[in-house]
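Read through the structure below, which is laid out as structure tokens, and then see the notes.
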Amino acid sequence: MFETLSDRLTSVFSSLRAKGRLSDADIDATTREIRIALLEADVALPVVKAFVAQVKERARGTEVSQALNPAQQVVKIVNDELIEILGGETRRLRFAKTPPTVIMLAGLQGAGKTTLAGKLARWLREQGHAPMLVAADLQRPNAVQQLQVVGERAQVAVYAPEPGNGVGDPIGVARTSIDEAKRLNHDIVIIDTAGRLGIDQEMMKQAADIRDVVQPDEVLFVVDAMIGQDAVTTAQAFMEGVGFDGVVLTKLDGDARGGAALSVRHITGRPIMFASTGEKLEDFDAFHPDRMASRILDMGDILTLIEQAQKTFDEEQAAKMAGKLTSGESFTLEDFLEQMMMVQKMGPIKNLLGMMPGMGQMRDQLNSIDDRDLDRIAAIIRSMTPGERQDPKIINGSRRARIAAGSGVTVTAVNNLVTRFFEAQKMMKRMAGGMGIPGMPGGRGKVAKAQKKNKKGRRVSGDPRKAALEKASSGDAPAPPKQGGMLGNLHGKLPPGMDLPPGFDPSKFKLPGQQ
């Protein structure tokens with residue numbers, strides 16, 4: 001979504017890094033490039049003006065002029081201002097003191113409200129809640145059926161008393177859904193309302209009537225992040241006609257320029273609360289302004305990566321696998337397959353690598369990654385017998401031909417997998433042996449510790465006089481004649497032409513800072 005903006009900003013900052021000091025001309029040129037980058041990303045003009053003015057003001061202040069690295073300080077300022085425009089802090093859902101909490105979704109048709117209702121319900125279910133979806137979109141053909149399918153996939157209940165397709169009263173459905181949720185002990189109600197292809201008074205009145213009837217705790221405005229400047233116009237119209245508490249961005253995985261995300265919050269004053277980043281139900285999470293700003297500036301999103309890993313990997317299983325990795329030879333193809341399946345659950349490999357800092361500069365390589373390669377590797381391993389997975393050394397020529405035929409790949413592909421596995425196994429064995437890494441068991445770390453222990457007590461003083469005395473006392477060398485003051489190493493004499501005045505005792509001379 002933000003690839004173009006990210007590339008432009010990265011190139012702007014790379015030209016600054018060679019400068020030890022920033023002049024007013026440098027700041028003007030930098031902010032001009034930032035303005036162009038934001039406008040090209042389809043950010044609303046008022047937002048661009050406010051953003052650039054704030055960056056320019058801070059860049060000319062003392063925090064940049066007195067910084068050791070002005071370029072890095074400018075990057076920090078841009079990052080701070082991006083976070084501010086995107087909402088500052090992560091906004092959490094407000095829950096009702098007395099259940100159920102009512103969440104109403106509003107937005108134009110095609111923004112993805114129905115699918116997003118399922119994503120939000122699934123997300124809340126994983127948080128330990130018991131949500132219920134309400135089919136109050138009775139105008140759009142098959143909207144009720146779509147919500148039922150989405151609810152089944154999300155494993156949440158759906159309240160749909162009316163068939164839809166133009167039949168039924170959406171306000172009545174919304175009213176009775178609250179009593180139904182209380183009866184079935186659902187603590188959250190998510191109401192999917194009707195949209196239109198464009199803004200009209202009928203749609204606004206229906207949404208406002210539903211709002212008045214159910215008194216929702218949260219009204220979420222669902223906006224398609226790919227519609228650019230129209231997102232701002234639509235958001236303003238909904239703000240005036242219905243009112244909303246937060247924004248949900250959909251289709252952030254698209255190839256549009258993403259200016260809507262940077263504009264809606266600033267124009268409406270309402271925070272972005274959630275973001276949908278794909279078609280699957282799990283491609284949904286709370287919106288974190290600081291993490292999004294880091295992604296735009298190609299600084300990665302390590303926190304989200306860690307959170308995804310924590311959701312996917314079981315701690316006990318991870319500890320068990322870590323023991324196998326350190327032992328080297330006990331790591332089998334079965335273990336490798338298990339780890340690969342766990343990584344796949346975290347999402348597309350391209351997306352995972354894209355969360356690493358600096359990966360924006362390797363976008364072409366990331367785009368060439370095909371997750372189907374992992375599927376082919378899995379097919380090869382699954383075509384092996386349990387014995388072959390445990391001990392790949394027994395895989396001879398005939399076995400490789402059989403595995404290749406069973407997995408639908410060439411014998412060369414099987415050979416490559418087996419060869420690479422043996423190489424990885426050797427590397428893990430070397431790591432288990434230490435391989436010169438300090439602190440690793442069995443390696444050079446022990447030798448280094450032993451050497452350090454032997455040398456203990458033989459430290460050489462930084463004072464050359466003390467060092468000489470320590471050497472003499474240890475029997476390694478005869479002690480030098482004792483001399484006073486600073487002339488000990490010259491045996492009390494100075495070179496010709498450097499004689500000191502009569503009566504001057506250099507041993508009593510004090511340097512600055514000496515007591």
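The values are calculated or read from the model by the stated rules, or taken from the named source; none is laboratory data. Here the structure is a predicted model, which is why all the values come from computation and not from measurement. Cβ sites come from the backbone with ideal geometry, for glycine too, and all protein chains shown count toward neighbours. Just the protein is used for accessible areas: all its heavy atoms, side chains included, with ligands, DNA and RNA removed. Shrake-Rupley method; radii C 1.70, N 1.55, O 1.52, S 1.80 Å.
Data table
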{"item": "Links that overshoot a 24 Å alpha carbon limit, given the list LYS49/LYS76; LYS119/LYS205; LYS49/LYS119", "result": "LYS119/LYS205; LYS49/LYS119"}
{"item": "Region 67-160 shape via C-alpha gyration tensor axes, a/c threshold 1.5", "result": "prolate"}
{"item": "FRET E, pair MET342, ARG175, Förster distance 35 Å, beta-carbon r, rounded to 0.05", "result": "0.15"}
{"item": "Mean Cβ count within 10 Å, highest first, over the residues of peptides 406-416, 144-154", "result": "144-154, 406-416"}
{"item": "Gyration tensor verdict on region 6-55 (Cα atoms; rounded if a/c is under 1.5, prolate if a/b is larger than b/c, oblate otherwise)", "result": "oblate"}
{"item": "For GLY246, distant residues with modelled amide H under 5 Å away", "result": "VAL219, PHE221"}
{"item": "Solvent-accessible area, 1.4 Å probe, carbon plus sulfur percent, for region 101-175", "result": "46"}
{"item": "Estimated FRET transfer efficiency when R0 is 41 angstrom, pair ARG60-ASP285 (beta carbons, to 0.05)", "result": "0.65"}
{"item": "Pair ALA405, ARG420: separation of 7 Å Cα→Cβ label points (nm)", "result": "2.5"}
{"item": "Cross-link pairs beyond the 22 Å C-alpha cut-off, checked among LYS113/LYS345; LYS393/LYS426; LYS280/LYS345", "result": "LYS113/LYS345"}
{"item": "By accessible area with a 1.4 Å probe, ligands and nucleic acids excluded, highest first: order of ARG175, ARG402", "result": "ARG175, ARG402"}
{"item": "Net charge of neighbours whose Cβ lies under 12 Å from the Cβ of HIS129, counting Lys and Arg as +1 and Asp and Glu as -1", "result": "0"}
{"item": "At R0 = 30 Å, FRET efficiency that the Cβ-Cβ distance of GLU240 and ARG92 yields, to 0.05", "result": "0.70"}
{"item": "Reference-scaled alpha-carbon Rg (2.2 N^0.38 Å with N residues) for region 129-238", "result": "1.09"}
{"item": "Accessible-area value, LYS205, 1.4 Å probe, nucleic acids and ligands omitted, Å²", "result": "130"}
{"item": "Rounded to whole Hz, the Karplus (6.51, -1.76, 1.60) HN-Hα couplings of region 103-116, x for glycine and proline", "result": "10, 10, 9, 9, x, 6, 5, x, 6, x, 4, 5, 5, 5"}
{"item": "Heavy atoms of ASP212 accessible to a 1.4 Å probe, total area in Å² rounded to 10", "result": "80"}
